[in-house]
1. Filter the trypsin sites (Lys or Arg not before Pro) in the range 160-242 to those in DSSP coil with at most 15 other Cβ atoms within 10 Å of their Cβ, and list the result.
2. Using modelled amide H (1.01 Å from N, peptide plane; none on Pro or chain starts), what sits under 5 Å from the amide H of Met168, excluding residues fewer than 5 places away?
3. Any idea what diffusion coefficient the range 127-273 gets from Stokes-Einstein, in µm²/s, Kirkwood Rh on alpha carbon pairs, 4 °C, 1.567 mPa s?
4. Report ³J(HN,Hα) in whole Hz for each residue of the range 157-174, in order, from the Karplus equation J = 6.51 cos²θ - 1.76 cosθ + 1.60 where θ = phi - 60°; Gly and Pro get x.
5. R0 = 30 Å: FRET efficiency of Leu128 with His229, Cβ-based, nearest 0.05?
Amino acid sequence: MAPLQVSWGVSRIIRYLTHPNLPSSRFQIFGVTAALLGGSLAARLVWERTWLTWRDGPQDIGSVLYGLLGGVLLVLVLLLVWILAILARTTRTIRRRFQFARSDYAHILAAGLIVAALFTPYGWWQTLFARRLAGGPYAADFLIEAAAAGDLRTLKALAEQGAPVTAMDHEGDTSIGVAARANQVPAIAYLLSRGVSINMLDASGDSPLDGALASGIHAPDAVRYLTAHGAERIHGSTAQHECVVQEIVDRRIQGVRGTAAPPIDSVCRPANER
């Protein structure tokens, strides 16, 4: 019943805001309020996707906003009502061949910018600033995250700007290893074309094929592709696995990431291989 009531309430507000006899000042006040609140939310997300990302590495976008979920939903509903009202007013103006006022253009532009900022994918921002990210301390983290997501555009942009395709991230994962576990065959093929070894070991001593097989039914395409290209299943020792897990936990507790600590594989590699 609640969704129906919300839908009914939204439609009533839109009809009120688009009524021909409504004073223009009231719509302007509503629009400014929606733009300020929506713009604040959009600015927060853009900040996370740019400056905070450059400083602290890949982000769980919007995680801070989860604690304010009620307020965020209210803002989103307000934005939705505003955008639908703009569309209704614009349609009416075109049909009746009225002239657009400057304020109408301002509403359309503001709404477009806010929507673009809210819904532009995180990977697009990484592609846009690939040169900066590839030269920073979290280059491997960004590249490996793109490989896991199968985001070829970002993966290629980072690699072409010099991000190390053979490096490990702060948890000891490799780009081809995470791509295999995530069943991202195009990403695997691209990494191989960049010279990554098909049997590259992660910090735990596992090969990509081992990771894909461990994923079971979640990575059948990756298993077939790797097997067809001669990959070997290599599994690290129990001691090495335990060392990596403990090191990850310790680093999370200490808040250590990026280049602030030695590569995790150098810490957990067997003594006779150091």
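No value in this document is a laboratory result; all are computed from the given coordinates. Note that this is a predicted model, so its numbers are computed, not measured. Using ideal geometry, Cβ is built from the backbone for each residue, glycine included, and neighbour counts are taken over all protein chains shown.
1. Passing both the DSSP loop test and the Cβ count: Arg194.
2. The answer is none.
3. 85
4. Per-residue couplings from phi come out as 4, 5, 5, 5, 8, x, 5, x, 6, 9, 7, 9, 7, 6, 10, x, 7, 10 Hz.
5. 0.35
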